[in-house]
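The values are calculated or read from the model by the stated rules, or taken from the named source; none is laboratory data. All values derive from a computational prediction rather than experimental measurement. Every residue, glycine as well, gets a Cβ built from its backbone with ideal geometry; the counts of neighbours run over all protein chains shown. Accessible surface areas use protein heavy atoms only, side chains included; no ligands, DNA or RNA. Shrake-Rupley method; radii C 1.70, N 1.55, O 1.52, S 1.80 Å.
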Amino acid sequence: MNDSDYMQLALRLAGRGAGWVSPNPMVGAVLVKDGKIIGQGWHEAYGGPHAERNALASCGEDPAGATMYVTLEPCCHQGKQPPCTDAILEAGIRRVVTGSVDPNPLVAGKGIRILREHGMEVTEHVLEEECSRLNEVFFHYIQTKRPFVVMKYAMTLDGKIAAFTGESKWITGEAAREHVHRQRHRYTAIMAGVGTVLADDPLLTCRMPGGKNPVRIICDTGLRTPLTSQAVSTAGQVPTILATCSGDRERWAAYEKAGCRILFVDKKGGHIDLEALMEALGRDGIDSILLEGGGTLNWSALESGIVRKVQAYLAPKLFGGRDARTPVEGDGVPSPSNAFFLKNSTVIRLGEDFLIESEVCPHVHRDH
């Protein structure tokens, strides 16, 4: 095995932290000595030991003289855990191989520099692209203090998210729906509009065995969410935020009594100012959002520039219907050249369905 092989293993380990380490990064570490793996670990939970210390703790023999493979530059500052650079130096590691540089201003190259200043051999940028992609949420949040927003929808091959009657259960099969619940576990929050709540009364929870529920955010400009809705009636068990432009505190009281948190946001263009909402949620430590809105909210999110990634689940079905709903509605763009362009697309087969995942390019053609 070579450096890339060991780093690939470290990446797989890092992925086990998905959903548990937020707002920290997912990190994996592997220790190799005399061509043999002697220790491995990952950052398992927020506030818990980092990957490097877990890998060292798992060693069955003295790690002195070993090589450590770690997907992210080791931290060098005191946080909830002591610096990993200290543990690496104390263990007598001979060489450290890293994937991506930590963009956190408290680290940002300092961890590598400290190791080199103490005479350690350091090899950087091994599988850097893969390591950085794994932590796209962390990188975005640490640099912008705003949530990383993923717009998710399921549609037929003729672009419909429901039949003309409004019926939408189910467009995709079981494998695709299971994948969605893994995403709900992975991302910190899930966001929908009041229109979706009124039409479908969704629970917006994670049904993955052993998974965690995301924080529920409902964009409700005029505070129309029914008190009898599933989201409100279960707010005592699952954190639920109602983002609204309504300042009527008497109306707030019933929702707050049910366990909801009311987040007042200014209005922009007739609805919630989504950029202001992202600022507020970012201050609350919400680093990522799975947007499961309808066509109206999806258009507003795209137009406001908050969407970073699109997850489109495609089912090999055709619904037809000139009035059947589509994933992105609103006014739309005036011409193809004004489109929201996507890049770096990947395709995953999920049973009979497909997931196309793409990054959103900056929308340079948008008119203001």
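Starting from the coordinates of the alpha-carbon atoms of region 1-86, obtain the Kirkwood hydrodynamic radius over all distinct pairs and give the value in Å to one decimal. Its Kirkwood hydrodynamic radius stands at 12.7 Å. Helix 3-14 and the longest principal axis of the Cα set of the chain meet at an angle near 50°.
Scanning residues 5 or more positions from Thr326 or on other chains, those with amide H under 5 Å from its amide H are Ile161, with H placed 1.01 Å from N in the peptide plane.
In terms of its C-alpha gyration tensor, region 68-196 has a prolate overall shape, because the principal axis ratio a/c (a ≥ b ≥ c, square roots of the eigenvalues) is not below 1.5 and a/b outweighs b/c.
In this structure, the amide hydrogen of Ile272, modeled 1.01 Å from its nitrogen in the peptide plane, lies closer than 5 angstrom to those of Thr221, counting only residues at least 5 positions away or on a different chain. At a probe radius of 1.4 angstrom, the accessible area of the chain per residue rounds to 46 square angstrom. Computed from backbone phi, the HN-Hα couplings of region 259-264 come to x, 6, 9, 8, 10, 7 Hz, rounded to whole numbers (Karplus: 6.51 cos²θ - 1.76 cosθ + 1.60, θ = phi - 60°; Gly and Pro given as x). Taking chymotrypsin sites (Phe, Trp or Tyr not before Pro) across region 1-102, the ones in a DSSP loop with at most 13 further Cβ atoms lying within 10 angstrom of their Cβ are Tyr46. Taking the inverse of the mean 1/r over every pair of distinct Cα atoms in region 1-159 gives a Kirkwood hydrodynamic radius of 15.9 Å. Surface composition of the chain: carbon plus sulfur atoms hold 51% of the accessible area, using a 1.4 angstrom probe and ignoring ligands, DNA and RNA. Once backbone amide H atoms are built at 1.01 Å from N, Val27 has His43 as its partners under 5 Å, excluding neighbours fewer than 5 places away on the same chain. From the Kirkwood radius over Cα pairs of region 195-351, Stokes-Einstein at 25 °C and 0.890 mPa s returns a whole-number translational diffusion coefficient of 140 µm²/s.
For the pair Asp266 and Arg249 in one chain, pulling the backbone fully straight at 0.36 nm per residue adds 4.6 nm over the alpha carbon distance. Of the cross-linked pairs Lys80/Lys257; Lys268/Lys309; Lys152/Lys317; Lys110/Lys212; Lys145/Lys257, which ones have a Cα-Cα span greater than 26 Å in the structure shown? Where the Cα-Cα span goes over 26 Å, the pairs concerned are Lys80/Lys257; Lys110/Lys212; Lys145/Lys257. Global size of the chain: 22.7, 69 Å for Rg and Dmax (C-alpha atoms, Rg to one decimal, Dmax whole). Can you say what percent of the DSSP beta bridges in the chain, counting only those with both residues inside, are antiparallel? Round to 5. Restricted to the chain, the bridges split so that about 40 percent are antiparallel.
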